[in-house]
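For reference, the structure is listed below as structure tokens.
Readers should treat all values here as calculations from the given coordinates under stated rules, not as data from a laboratory. Since the structure is predicted, the reported quantities are computational estimates derived from the model, not experimental observations. Here the Cβ is made from the backbone with ideal geometry for all residues, glycine too, and neighbour counts use every protein chain on show.
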Amino acid sequence: MRNADEEKAEKHAVGALPDDDTMPEIVQKHGDIFADLEATLDEVAEANPRIDSEAREACRATSDLSALLEVSLAVNSSLVLDDVLQIVMRKAIELMQAERGLIMLLDDDNELQVRTAHNLRQEDMTGENFRISSSIASQVAATGRSIYASDAMSDERYAQQASVLELHLRSIMCVPIKDHGTVVGIIYVDNSNQTKVFLKSDLYLFELFAQMAANALRNAATYDALLTLKKYNELVIKKSPVGIVVIDDNLRIATINPVALEVLDFNRNNIARSVTGQSGSDFLEMLPEHERSRWREMIATALTSREDYSDPRYFHDTGYQEKALSIKISRLSALPNGDNGLIMTIEDITEMVVMEKYVILSEKLAAKGEMAASIVHELNNYLAIASTNAELMGMNLDRQAYDKARFNAKSTTENIFKIKRFVDSMMDFSKPEPEYISYDIKHLLDDLLFSLRVQPRFKRTRFTIDLGQEIPNLEMDVGQIQQVLMNLLNNAADAIEERAIGNQTDGDKFKREIGIAATYDDERERLTVEISDDGIGMPPETIEKIFNMHFTTKRGGHGLGLANCLKIIESHHGEITVESTPGEGTRFRVTLPRFHDAKPKQT
């Protein structure tokens, strides 16, 4: 039989456990090691409740569901993509108790790009500062399978990677973000603390989180696409070359673009848009009162017939300008406020209509063989003023003389309107029908002279002005009377230039001077305007014919300017006369009644 010492030696030789006699001896010898191991296990259990104790296993599922519910509410609290990414990243770190994390999304070239990165203190980090193994992220994105390591430094797959070694990484998890089965990115978290290890159960929870994040990112991307589409549509409407107006069934404005505001002469500040829970401005109330019935009829036709309504030529009077519009009205359903309504496209075709009139006028002139030169002459007068004011406006804006620039702009616009009036009145060379308003003749002359003085033909001419102090407003067609005065002043400039070219000067008598005088006869209620010059003058035989159609003494003249003046003054129930002395000058006298219904003088 073997003695006790032999049996004890055999047990040690085969690696058997120590017997009861030797255990106290071993515990005493290695007591510090066991104490450290026990403390480490307690610390790990405290940091990772999933392995703490069997008593807590029962509430783990409830805790996970509660965490996922909280995460779901958080990541779906916004529809802005960048905000969602930030929330997802923060919640990933909180849920996994990770030190660091990042989200990478695939771009259009299928390359991973860092979209957001955080550390444990919830601070943003740049992609350059957040180093991970690109192979880990690429592998997850390529395969769609998660990567997990509870101790990366001991895992032969990752132990030699630079980021693991330099950062002493222990736990790593990288899971794919999938949208309907397609990988669109990855979420990565890691820890360097050996007490906060990731477990297999953590990976399962993290994958559920990634799916929630994918849903939130999809919703954010959809919202972003819809927002982009909305901005695009708004930009198209804003930049459209035609006016666009959308109204609801109650004729409240839902949408109106800048072109429509300009064409209809609406003030943007006076318009409220019809949106959910709010009423917009009434479209009809924004229109001139005399046009509302016509618009109401067009809108009612489109609503009741359920077919598109169009008016290819609608004349819109803003109160100071008449425009030709092309209008199309169509039904529209599902407005933003839930109502049905109408969409109206409004195109300003005034220029086209004017051009059509020019074409018609040209055909008539070709048939009659006359008046073409007259139109050129008259239009050149107006265009010269408009061009001069346009140049002055730029100069005044540069000098910040805004009042003068505003006057230049107004004068330019008025002359454009006068061109339109002139073209209309010349259609058949019939007597133009005046449109009377009460107007200050002095203001008219001031505006005219302001525009004429800067023209080259008047720059060397001296004007002498004598306007009476007690001149009341006259009822007149402002454009037509200005046309008459402009013709007379241009003729005076021509006469002065002709005298200068002919060297017919008599010392100091020739001063290149034009005089303008106005007097009012209160008893007869008539105004007299005299325009005089010290130009070439005219003999009696010329004076007798000067108002005859096609009579002219000018080379290349058409003989229609003064004939037009006579027609205009007669239509105002006034008179125009002339006195002239060859070699000394000419004086035109225009007499107008104060009120337009005065009877013309009987001769």
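Points 7 angstrom from Cα along the Cβ direction at S330 and A221: gap in nanometres?
Here the answer is 3.3 nm between the modelled labels.
Can you give the local net charge around E291? Use residues other than it whose beta-carbon is closer than 13 angstrom to its beta-carbon, Lys and Arg +1, Asp and Glu -1.
That works out to -3.
Quick check: from the Cα gyration tensor, does segment 240-348 come out rounded (a/c under 1.5), prolate or oblate?
oblate
Can you give the net charge of the other residues whose Cβ lies under 13 Å from the Cβ of Y232, counting K and R as +1 and D and E as -1?
Charge balance near Y232 sits at +2.
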